[in-house]
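Colleague: Structure provided below as structure tokens; questions to follow.
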Amino acid sequence: MRILFCNIAWMRYYKGFWEGEDEPVGGGSFVDENQDGSELYNFDPFLLIHEDGEEEEVCAGFVVTKKSQSGADRALHIERLEGCEALRTAMSVEDVLVVYCAMHPFHRFTRVVGWYRHATVYRYYQWLPFADENDEGEGFLLNAYAARENCVLLPVKDRMSEIWEVPRVRKGASFGFGQANVWFAEGREENEALNRFLDKLVEQIQNYSGENWVNKTREDLLQEQGKQLLSRRR
């Protein structure tokens with residue numbers, strides 16, 4: 001199975017910046033300084049109109065790739081995905097499981113926050129303008145997208161479970177995220193621990209039947225959060 005792990009900022013809802021309610025943590029210097037960035041909308045569904053006129057409700061995902069010494073954005077090397085070795089010149093690849101992960105701002109562990117199944121992943125950033133005529137010249141970057149029904153955002157309480165932990169090599173694990181924001185999970189044939197980890201995680205994703213915050217609007221989530229806060233005060 002083609003699996004791409006992406007490290008992004010930690011947020012609750014990923015439906016844009018809400019001051020005092022949902023602000024990104026750990027998204028790098030640009031996100032920290034501007035409180036903005038395309039990854040802030042990774043689980044905010046919208047209607048995509050394809051070139052042939054077909055409409056599809058999707059989520060568009062973004063992860064920052066490393067820059068070259070000249071400062072140019074580097075490609076996302078999709079040929080490193082399992083079974084994609086021959087795609088060294090391809091601009092995109094389909095049917096990828098994209099697993100979005102983030103480091104908890106206080107506990108400092110890395111957890112799966114959500115995923116796209118059957119996603120299309122691009123080698124280079126793609127620019128998608130907003131459909132609203134009032135937002136002329138405005139838009140956002142993406143390097144993956146998937147149909148809404150294939151996208152899941154885990155509630156925060158579910159992310160806290162150790163079953164969604166993703167290792168980092170610098171903490172002594174034999175596999176996991178390194179310094180880059182993307183991890184291709186290569187070498188499972190030679191690493192039985194990695195093979196077991198991937199099999200278990202894919203099974204959890206395929207069998208997940210819990211709450212999906214992709215299907216919640218901003219208003220739904222804030223209203224529910226307000227009810228929870230009220231109940232805690234009593």
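Colleague: Which FRET efficiency value, to the nearest 0.05, is calculated for residue 94 and residue 191 with the Förster distance at 25 angstrom and r the Cβ-Cβ distance?
Modeller: Taking R0 as 25 Å, the efficiency between residue 94 and residue 191 is 0.40.
Colleague: Hey, could you grab the Kirkwood Rh for region 143-219? Inverse mean 1/r over distinct alpha carbon pairs, Å, one decimal.
Modeller: 14.6 Å is the Kirkwood radius here.
Colleague: Given a Förster distance of 25 Å, report the FRET efficiency between residue 199 and residue 118 from their Cβ-Cβ distance, rounded to the nearest 0.05.
Modeller: E between residue 199 and residue 118, to the nearest 0.05, is 0.85.
Readers should treat all values here as calculations from the given coordinates under stated rules, not as data from a laboratory. Note that this is a predicted model, so its numbers are computed, not measured. Glycine gets a Cβ as well: all are built from the backbone with ideal geometry, and neighbour counts include every protein chain shown.
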